[in-house]
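Peer 1: My questions will all concern the structure given below.
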Amino acid sequence: QVQLVESGGGLVQTGGSLRLSCAASGSAFSRNAMGWFRQAPGKQRELVAHITSGGSTSYVDSVKGRFTISRDNAKNTVYLQMNSLKPEDTAVYYCHALVATMHYWGKGNQVTVSS
């Protein structure tokens, strides 16, 4: 069983920055691929950023150059640094872990960007 606990969301003005954190427990964290998804009202959940166990990263086009995903295996934590935030980044952000074939989710963290 894997538990994911997110923190760091909130309200920020356009152009501002936030950093999301996701602390994982219950599994060999360093061997798991991790990701951040988001879901805006009335829209489907989308993958925002992904990081493999080896540290390779990928991003949805809309956040490239603005968001950075990273991981600290010593702390069992994955981060999402979000810069130059835009109102369209407003959503609930979810941490995700893939352990073997099992998908695990955090409870979600609201990010609101005001214009």
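The values are calculated or read from the model by the stated rules, or taken from the named source; none is laboratory data. Small disclaimer: the values here were computed from a predicted structure and weren't measured. Positions of Cβ are backbone-derived with ideal geometry, glycine not excepted, and every protein chain shown enters the neighbour counts. Accessible surface is based on the protein model in full, side chains and every heavy atom, while ligands, DNA and RNA are left aside. Shrake-Rupley method; radii C 1.70, N 1.55, O 1.52, S 1.80 Å.
Peer 1: Given charges of +1 on the Cβ of Lys and Arg and -1 on the Cβ of Asp and Glu, with all other atoms neutral, how large is the dipole of the chain about its Cα centre, in debye to the nearest 20? Kindly include the intermediate steps, with their values, before the conclusion.
Peer 2: Working: 11 positive and 6 negative charges, 15 e Å.
Computed about the Cα centre, the dipole is about 80 debye.
Peer 1: A further question follows. In square angstrom, what is the accessible area per residue of the chain with a 1.4 angstrom probe?
Peer 2: Details: 6030 Å² over 115 residues.
Spelled out: the 1.4 Å probe surface of the chain, per residue, equals 52 Å².
Peer 1: What spacing in nm lies between the two simple spin-label points modelled at residue 88 and residue 75, each 7 Å away from Cα in the Cβ direction?
Peer 2: That separation, rounded to one decimal, is 3.1 nm.
Peer 1: Got a sec to turn the phi values of the range 52-67 into Karplus ³J(HN,Hα) couplings, 6.51 cos²θ - 1.76 cosθ + 1.60 with θ = phi - 60°, whole Hz, x for Gly and Pro?
Peer 2: With the stated coefficients, the range 52-67 comes to 7, 4, x, x, 6, 10, 8, 9, 5, 4, 5, 10, 4, x, 10, 10 Hz.
Peer 1: Rounded to the nearest percent, how much of the accessible area of the range 51-112 (1.4 Å probe, protein heavy atoms only) is carbon and sulfur?
Peer 2: Working: 1590 of 3140 Å².
For the range 51-112, the apolar C and S fraction of the accessible surface comes to 51 percent.
Peer 1: Beta carbons within 10 angstrom, averaged per residue: use that to sort the peptides 31-40, 45-54, 60-69, highest first.
Peer 2: On the way: 31-40: 19.6, 45-54: 16.7, 60-69: 14.7.
Listed from highest to lowest mean packing, they are 31-40, 45-54, 60-69.
Peer 1: Applying the Karplus parametrisation 6.51 cos²θ - 1.76 cosθ + 1.60 with θ = phi - 60° to the phi angles of the range 106-111, what ³J(HN,Hα) value in whole Hz is obtained for each residue in order, glycine and proline being reported as x?
Peer 2: So the J values, rounded to whole Hz, are x, 7, x, 9, 6, 10.
Peer 1: Once both labels are modelled 7 Å past Cα along the beta-carbon direction, what's the residue 61-residue 45 spacing in nm?
Peer 2: 2.4
Peer 1: Give me the extension gain from residue 102 to residue 30: residue separation times 0.36 nm, minus the current Cα-Cα distance, reported in nm with one decimal.
Peer 2: Working: separation 72, 0.36 × 72 = 25.92 nm, distance 1.56 nm.
My answer for the length gained is 24.4 nm.
Peer 1: Let me make sure I get this right: for the chain, a, b and c are the square roots of the gyration tensor eigenvalues over alpha carbons, sorted descending. Under 1.5 in a/c it's rounded, otherwise prolate if a/b > b/c, else oblate. Which is it? List each step's numbers first, then the result.
Peer 2: Numbers: a/c = 1.84, a/b = 1.68, b/c = 1.09.
The shape class here is prolate.
Peer 1: If you don't mind, there's one more thing I want to ask. Could you compute how much accessible surface residue 17 exposes when probed at 1.4 Å, giving the result in Å² to the nearest 10?
Peer 2: 60
Peer 1: Mind running the shape call on the range 28-69? Use the C-alpha gyration tensor, a ≥ b ≥ c as the square roots of the eigenvalues: rounded below 1.5 for a/c, prolate if a/b tops b/c, oblate otherwise.
Peer 2: Working: a/c = 3.50, a/b = 1.60, b/c = 2.18.
The shape class here is oblate.
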